[in-house]
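We did not get these values from a lab; they are worked out from the coordinates using the rules stated. Given the structure is predicted, the values throughout are model-derived calculations rather than measurements. For neighbour counting, all protein chains shown are included, and Cβ atoms are generated from backbone atoms with ideal geometry for every residue, glycine included.
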Amino acid sequence: MPSEKTSFNFAELFPLRYQAHDMPPLRPYQARDGATLYVRHYKADTQVQLILLHGGAAHSAYLYELAHYLSQHQIANVYTPDLRGHGPNPVRRGDIDYIDQLEHDVADLIGHLQTQVGEDAYFIIGGHASGGGLALRFAGTEQGQLIHQVLLLAPYLDYNAPMTKKEAGGWLSANSRKITALKLLNGLGISAYNDAKVLNFNLPATYCDGTETLAYSYRLMAGLHPANYKESLLNTKVPLLVLVGTDDESLDASEFETGILPFKSAVKIAYFNGLTHLGLVSSEPVMKEAANWIKQHQETT
C-alpha cells in the first residue's frame, strides 16, 4: 500500500522531467527459465556495454537521464532492465522464484547481448541503491568474470552495513522477526517459506502510478544485495567506483570508507556535496564523474 510517510525528496524525480516517448522502448529477452524479461537500450557507437540496474520499488524509467547522458556522449551503450518482479506488468510483482535468480537474469542478459555485440565486448555492471547491491552481488560471484568495471551509485549493500541508516532513513519498513526466522530456516536448507512478504516501501501515494513495487518477498529482498557484502568486495577483481551524495537520506556518506576500503583496494569513492539519494542519478557532475572513470579504465585495458 502507498504510504504518507516522506523519506526521500521525491519531487527531485517526480513528475519525471522527460516523457515516456523520449525513452527507448522496453525490448524483450529470454531468461534461462524461459521467462520473458524487458530492457531498454540507450545506443552509442562504442564497444562498451553498461548494464545499469534500478533501485528498490522502482523500475528502469527513472535512470533515463544518466543512461541518456552516457550514451549521447558515446561513453557506453547503456541497458536498463526492469528487474524480475518489477515494472509495468510483471508476472508476480515483488517476488522471484529463488534467491539467486536476479543475478542469473543479469548473466542471461549479458549472454543475450553477447550474441549481438560479440563475446569480446567490454561489459560494465552498475546500479543505484538496491540495484547497486545487486551489481556488487553479481561482481563478487564467478559470473563477475564477465565484467570489467563496477559502478555503484548510493549502493544499498546490507541492512547492517555501517553506511546504512536505520530502515534506510524511513524509506522502508522491514519485518525483522520474520527476516531473522527465514534466515535461520535457509541456513538449515529450508526455503519453502521464502515467498513471505518481509519488506514494505514508504512511497507516498502522490507519486504512485501503479508501476511501483511496494512489497518484497524474502527471496527478492535477499537477492538484491550480497549475502555478505564484505566477501563480495573481496571477490570483486575489477575496478570499482562508488558515487554518493553527502545529503543522502538513507545512507551515511561518512561511513563508506569504513565500510568498503578494508575489503577493496581498487576502488574510488567520490562524494557530492548537497546531493540526496534520488538527486544523485540526475546530477551532471555525477554523470561526468562516471563518464570520465569509464573512459579512464577502458583506455588502459
Result: in the stretch 212-301 the number of Lys pairs with C-alpha under 22 Å apart, spaced 8 or more or on different chains, is 8
Cα-Cα pairs in the stretch 101-179 separated by more than 21 Å, as a whole percent of all pairs, come to 37
Taking the reciprocal of mean 1/r across every pair of different Cα atoms in the stretch 1-153, the Kirkwood radius in Å is 15.9
The distance between the Cα centres of the stretch 179-214 and the stretch 40-85, in whole Å, is 26
Looks like the stretch 124-271, by Cα gyration tensor root eigenvalues a ≥ b ≥ c and the a/c under 1.5 rounded cutoff (else prolate when a/b is bigger than b/c, oblate otherwise), is oblate
Cα-based Rg then Dmax for the stretch 10-299, in Å, read 17.5, 50
The local net charge around TYR229, scoring Lys/Arg +1 and Asp/Glu -1 for residues other than TYR229 whose Cβ lies under 11 Å from its Cβ, equals +1
Counting only DSSP beta bridges fully inside the chain, the antiparallel percentage to nearest 5 is 40
Relative contact order of the stretch 185-246 (C-alpha contacts under 8 Å, at least 6 apart) in percent is 29
Ignoring GluC sites (Glu not before Pro) buried by more than 12 other Cβ within 10 Å or outside DSSP loops, the longest site-free run in the chain is 120-301
A correct fewest-to-most ranking of TYR42, TYR69, TYR207 by other Cβ atoms within 10 Å would be TYR207, TYR69, TYR42
Taking Lys and Arg as +1 and Asp and Glu as -1, residues besides ILE269 with C-beta under 15 Å from its C-beta add up to -3
The answer for the chain, counting only DSSP H helices whose Cα atoms cover 27 angstrom or more along the axis and whose Kyte-Doolittle average is -0.5 or greater, is none
